Amino acid sequence: MPARRPNGEAALIYSRIAGTGSYLPEKIVSNADLEKLVDTTDEWIASRTGIRERRMAAVGETTGDLAFHAASRALEAAGVAASEIELIVLGTTTPDIIFPSTACLLQHRLGANGCAAFDVNAACSGFMYALGVADQFVRSGQVKKALVVGAETLTRMLDYGDRSTCVLFGDGAGAVVLEAASEPGIFATRLHADGGYKHLLYNPVGVSAGFKLDEPNAGVRVMMTGNEVFKVAVKTLDRMVGETLNAAGMAEKDVDWLIPHQANLRIIEATAKRLKLPMERVIVTVDRHGNTSSGSVPLALDEAVRSGKVQRGQNLLLEAFGGGFTWASALLRY
Ligand code: UT7
């Protein structure tokens with residue numbers, strides 16, 4: 001017997017992606033541009049990370065602006081009006097202001113006033129966390145259409161005197177519209193965190209801990225012990241791939257595309273190897289986008305959809321890993 005809603009309708013127990021969208025700021029910052037700022041080389045950045053260029057938001061352009069463009073494109077692709085959206089979950093670690101949430105600012109700008117709207121801060125796993133949360137709302141029958149966004153202006157909190165971090169990150173946003181469906185859709189999502197790793201990747205500035213305005217570069221510093229993060233990321237993503245396949249009742253061979261977090265090409269290659277997927281079945285944008293944190297997975301997804309690589313009916317494994325540490329995944333049929 002299918003589950004019933006209070007009004008007697010059969011519950012639609014899955015969520016599926018009805019449409020995707022993304023947005024990148026216009027300004028391109030190449031590795032050569034960064035060579036002029038810090039002691040680095042295009043060769044070092046490209047060989048250690050796979051990054052060749054990244055985008056930077058214009059002065060006055062905010063995370064909410066990027067989110068608005070990405071969300072508008074996702075709504076258009078889905079053929080859904082903003083007024084039909086019942087939930088907005090936005091992953092970001094660089095909100096426009098401390099409050100209201102960027103999700104609330106976005107909701108008003110889209111004209112979706114009245115629906116639930118909130119941000120999730122899970123650093124680079126922000127979009128994956130947002131997707132996992134929205135999927136639960138749809139599966140429980142509470143909402144039929146949800147907007148899920150990952151948007152960041154990470155360049156705003158970089159120290160352009162620190163070569164170990166400033167070459168890695170970029171700005172961008174991606175979004176999906178989820179809708180209730182009688183068939184998957186999303187088979188499984190997995191969300192995890194281990195706050196014991198805070199010291200390896202963090203920004204020390206905050207409200208309750210103090211803004212520390214008297215310190216040099218206050219408020220603009222991502223602190224990272226990159227090589228330690230790298231090792232834990234590879235091991236953790238390896239484990240999570242197995243867990244996600246099990247949760248979805250699938251094997252490696254069932255995955256058509258890996259759409260990974262775009263932090264480092266070498267981490268992406270390790271995850272592809274674990275999945276026994278050739279790199280031709282992996283969506284890579286890190287070379288052009290750098291690490292856009294919460295923006296990275298939905299940007300890669302939208303690019304793959306719009307380029308015609310990802311087709312309806314194919315199985316996609318999405319995953320991300322970031323500060324917290326947090327890590328999260330989704331296995332879905334597009
Ligand atoms: O999205 C959130 C999760 N974040 C990640 O997944 C990032 C994971 N980590 C990484 O991607 C890599 O660890 C990095 C790309 C950050 C660094 O690559 P690495 O191969 O782990 O290098 P390393 O940190 O061990 O540094 C090697 C050397 C050091 O010099 P010495 O001590 O060997 O003389 C660094 O000072 O490279 C030096 N270095 C640089 N050299 C030129 C660090 N940054 C730069 C740079 N240009 N930009």
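Read-outs throughout are calculated quantities, based only on the coordinates presented, and are distinct from any laboratory measurement. Note that the structure is predicted; figures quoted are calculated from it, not measured. As a convention, Cβ positions derive from the backbone with ideal geometry for all residues, glycine included, and neighbour counts pool all protein chains shown.
Looking only at the range 107-126, filter to residues that are touching a residue at least 12 places away in the same chain (Cβ under 8 Å) and more than 17 Å from the chain's Cα centre (by Cα); which one of those is surrounded by the most Cβ atoms within 10 Å (Cβ to Cβ)?
GLN107
Given (1) buried (at least 24 other Cβ atoms within 10 Å of the Cβ); (2) under 19 Å from THR326 (Cα atoms), identify the lone condition not met by PRO95.
All conditions are met except number (1).
Out of (1) within 17 Å of THR153 (Cα to Cα); (2) touching a residue at least 24 places away in the same chain (Cβ under 8 Å), what's the single condition that is false for TYR129?
The number of the failed condition is (1).
Of the numbered conditions (1) within 13 Å of the ligand (Cβ to nearest atom); (2) farther than 30 Å from ARG266 by Cβ; (3) of a type in the set (D, E, K, R), GLU76 satisfies every one except a single condition; which is it?
Only one criterion in (1) within 13 Å of the ligand (Cβ to nearest atom); (2) farther than 30 Å from ARG266 by Cβ; (3) of a type in the set (D, E, K, R) is unmet by GLU76, namely (1).
Can you tell me which residue is surrounded by the most Cβ atoms within 10 Å (Cβ to Cβ) among those in the range 32-46 that are under 26 Å from the mean Cα position of the chain (by Cα) and within 9 Å of the ligand (Cβ to nearest atom)?
Only one residue fits best here, namely ILE45.
In the range 158-215, which residue that is among the charged types (D, E, K, R) and in a loop (DSSP other than H, G, I, E, B) is nearest to the ligand (Cβ to nearest atom)?
ASP162
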